[in-house]
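Enquirer: Quick one: the structure is below, and I'll ask about it shortly.
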Amino acid sequence: DAGVTQSPTHLIKTRGQQVTLRCSPKSGHDTVSWYQQALGQGPQFIFQYYEEEERQRGNFPDRFSGHQFPNYSSELNVNALLLGDSALYLCASSRDQQETQYFGPGTRLLVL
Amino acid sequence: AQRVTQPEKLLSVFKGAPVELKCNYSYSGSPELFWYVQYSRQRLQLLLRHISRESIKGFTADLNKGETSFHLKKPFAQEEDSAMYYCALSGKTSYDKVIFGPGTSLSVIP
């Protein structure tokens, strides 16, 4: 089991563009959470998906949206990119919210 | 407001010395508390959670509800403990998000 995988590892976009980040959860996990980690800060919760539905959302604008597929993999979409969206985006999976979260290596997004 | 604070961005200790990483929180209710660790070039991973009351890699953390603190302690620091440490909390239902603190970078000097 490779654990949680994320793609791509790095990405460079320009302001106004749209981006899609992908996450495959650890085998046996059905819950996926997304976090944004700006430089020098702790991860900030974006949203969580379970049974293909957004179950909980953090304080992020509607430009941030997501999706979970029947195989439990997930996508994070960010529209109308801003310079401030530059960050490391982490995906974490668990069997349920109450179980231990396992983190992926992250996708580093740079918006120019 | 739900919040986690870690007052020290950087902490340096000598090998063999005791180490304490501070964490304070604000939460209306009884949260679950966690410590996560990120070693160099590795993924963020759970170190311990207060509900399990385990000692992992010699680290322990005591929840002090009166002071709303969850400090991480180890009696004798090792060089391999050098890492970034994040304190985090969540509610006890399946619908509660995890809130992380800003992190403390621990450097153990040989």
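The values are calculated or read from the model by the stated rules, or taken from the named source; none is laboratory data. Here the structure is a predicted model, which is why all the values come from computation and not from measurement. Don't worry about glycine lacking a Cβ; one is built from the backbone with ideal geometry, like all the others, and counts go over all protein chains shown. Side chains are part of the model used for accessible areas, which takes the heavy atoms of the whole protein and leaves out ligands, DNA and RNA. Shrake-Rupley method; radii C 1.70, N 1.55, O 1.52, S 1.80 Å.
Enquirer: Which one of the conditions (1) touching a residue at least 40 places away in the same chain (Cβ under 8 Å); (2) assigned to a loop (DSSP other than H, G, I, E, B); (3) touching a Leu at 6+ places or on another chain (Cβ under 9 Å) does B:G16 fail to meet, given that it meets all the rest?
Expert: Every condition holds for B:G16 apart from (3).
Enquirer: Can you tell me which residue within region B:49-60, out of those that are more than 22 Å from A:Q44 (Cβ to Cβ) and assigned to a strand (DSSP E or B), is modelled with the lowest pLDDT?
Expert: Among those that are more than 22 Å from A:Q44 (Cβ to Cβ) and assigned to a strand (DSSP E or B), it is B:I56.
Enquirer: Here is a further query. Condition first: more than 13 Å from A:W34 (Cα to Cα), surrounded by fewer than 18 Cβ atoms within 10 Å (Cβ to Cβ) and more than 14 Å from chain B (Cβ to nearest Cβ). Now tell me which residues in region A:53-78 satisfy that.
Expert: At the first step, the residues of region A:53-78 found to be more than 13 Å from A:W34 (Cα to Cα) are A:53, A:61-63, A:69-72.
The next check asks that each one be surrounded by fewer than 18 Cβ atoms within 10 Å (Cβ to Cβ); those that pass are A:53, A:61-63, A:69-71.
Answer for region A:53-78, where residues must be more than 13 Å from A:W34 (Cα to Cα), surrounded by fewer than 18 Cβ atoms within 10 Å (Cβ to Cβ) and more than 14 Å from chain B (Cβ to nearest Cβ): A:P61, A:D62, A:R63, A:F69, A:P70, A:N71.
Enquirer: While we're here: Just give me the residues in region A:1-29 being of a type in the set (A, V, I, L, M), open to solvent by less than 50 Å² (accessible area, probe 1.4 Å) and away from chain B (no Cβ under 14 Å), in sequence order. Talk me through it step by step, then tell me what you get.
Expert: Step one: filter region A:1-29 for residues of a type in the set (A, V, I, L, M), giving A:2, A:4, A:11-12, A:19, A:21.
Restricting the remaining residues to those that are open to solvent by less than 50 Å² (accessible area, probe 1.4 Å) gives A:4, A:11, A:19, A:21.
Correct list: A:L11, A:V19, A:L21.
Enquirer: Further question: I want to confirm something. Restricting to region B:19-48 and keeping residues that are charged (D, E, K, R) and part of a strand (DSSP E or B), which single residue is farthest from A:S94 (Cα to Cα)? Can you show your working first?
Expert: Here is the first cut: in region B:19-48, the residues charged (D, E, K, R) are B:20, B:22, B:32, B:41, B:43.
Checking which are part of a strand (DSSP E or B) leaves us with B:20, B:32.
Working: B:E20: 29, B:E32: 16 Å.
For region B:19-48, the residue satisfying everything is B:E20.
Enquirer: Give all pairs with beta carbons closer than 6 Å in which a residue from region B:59-71 that is closer than 12 Å to B:V4 by Cα meets a residue that is of a type in the set (G, A, S); count only pairs at least 6 apart in sequence or on separate chains.
Expert: B:F70/B:A61
Enquirer: What number of residues within region B:61-105 satisfy the criterion of being part of a strand (DSSP E or B) and of a type in the set (S, T, N, Q)? Before you say what the answer is, go through the steps one by one.
Expert: First, pick out the residues of region B:61-105 that are part of a strand (DSSP E or B): B:61-64, B:69-74, B:83-90, B:99-100, B:104-105.
Narrowing the set further to residues that are of a type in the set (S, T, N, Q) leaves B:64, B:69, B:90, B:104-105.
Count: 5.
Enquirer: Among strands (runs of 3 or more DSSP E) lying entirely in region A:1-68, which contain 2 or more residues that are under 14 Å from the mean Cα position of the chain (by Cα) and without any contact (Cβ under 8 Å) to a residue 24 or more places away in the chain? Steps first, answer last, please.
Expert: Numbers: elements: A:5-7, A:10-13, A:19-24, A:31-37, A:44-50, A:53-57, A:64-68.
Passing ranges, in order: A:44-50, A:53-57, A:64-68.
Enquirer: Select, from A:L81, A:L90, A:L110, the only residue that is part of a strand (DSSP E or B) and either open to solvent by 30 Å² or more (accessible area, probe 1.4 Å) or away from chain B (no Cβ under 14 Å) (or both). Steps first, please.
Expert: Values: A:L81 fails: part of a strand (DSSP E or B); A:L90 fails: either open to solvent by 30 Å² or more (accessible area, probe 1.4 Å) or away from chain B (no Cβ under 14 Å) (or both).
Step by step, each of A:L81, A:L90, A:L110 is checked, and only A:L110 is part of a strand (DSSP E or B) and either open to solvent by 30 Å² or more (accessible area, probe 1.4 Å) or away from chain B (no Cβ under 14 Å) (or both).
Enquirer: Given the condition more than 13 Å from the chain's Cα centre (by Cα), over 19 Å from B:K9 (Cα atoms) and charged (D, E, K, R), answer yes or no: does some residue in region B:66-88 qualify?
Expert: Yes, because at least one residue in region B:66-88 is more than 13 Å from the chain's Cα centre (by Cα), over 19 Å from B:K9 (Cα atoms) and charged (D, E, K, R).
Enquirer: With the requirement that a residue be part of a loop (DSSP other than H, G, I, E, B) and either open to solvent by less than 80 Å² (accessible area, probe 1.4 Å) or basic (K, R) (or both), what does region B:1-13 give you?
Expert: B:Q6, B:E8, B:K9
Enquirer: Listed residues B:K65, B:K73; which is touching an Asp or Glu at 6+ places or on another chain (Cβ under 9 Å) and open to solvent by 50 Å² or more (accessible area, probe 1.4 Å)? Walk me through it before giving the result.
Expert: Values: B:K65 fails: touching an Asp or Glu at 6+ places or on another chain (Cβ under 9 Å).
Going through B:K65, B:K73 in turn, just one is touching an Asp or Glu at 6+ places or on another chain (Cβ under 9 Å) and open to solvent by 50 Å² or more (accessible area, probe 1.4 Å): B:K73.
Enquirer: Looking only at region B:38-56, filter to residues that are over 18 Å from B:S90 (Cα atoms) and surrounded by 13 or more Cβ atoms within 10 Å (Cβ to Cβ); which one of those is nearest to the other protein chains (Cβ to nearest Cβ)? Break it down into steps so the answer makes sense when it comes.
Expert: At the first step, the residues of region B:38-56 found to be over 18 Å from B:S90 (Cα atoms) are B:38-43, B:54-56.
Next cut, surrounded by 13 or more Cβ atoms within 10 Å (Cβ to Cβ) only: B:38-39, B:43, B:56.
On the way: B:Q38: 9, B:Y39: 12, B:R43: 5, B:I56: 12 Å.
So, considering only residues that are over 18 Å from B:S90 (Cα atoms) and surrounded by 13 or more Cβ atoms within 10 Å (Cβ to Cβ), the one nearest to the other protein chains (Cβ to nearest Cβ) is B:R43.
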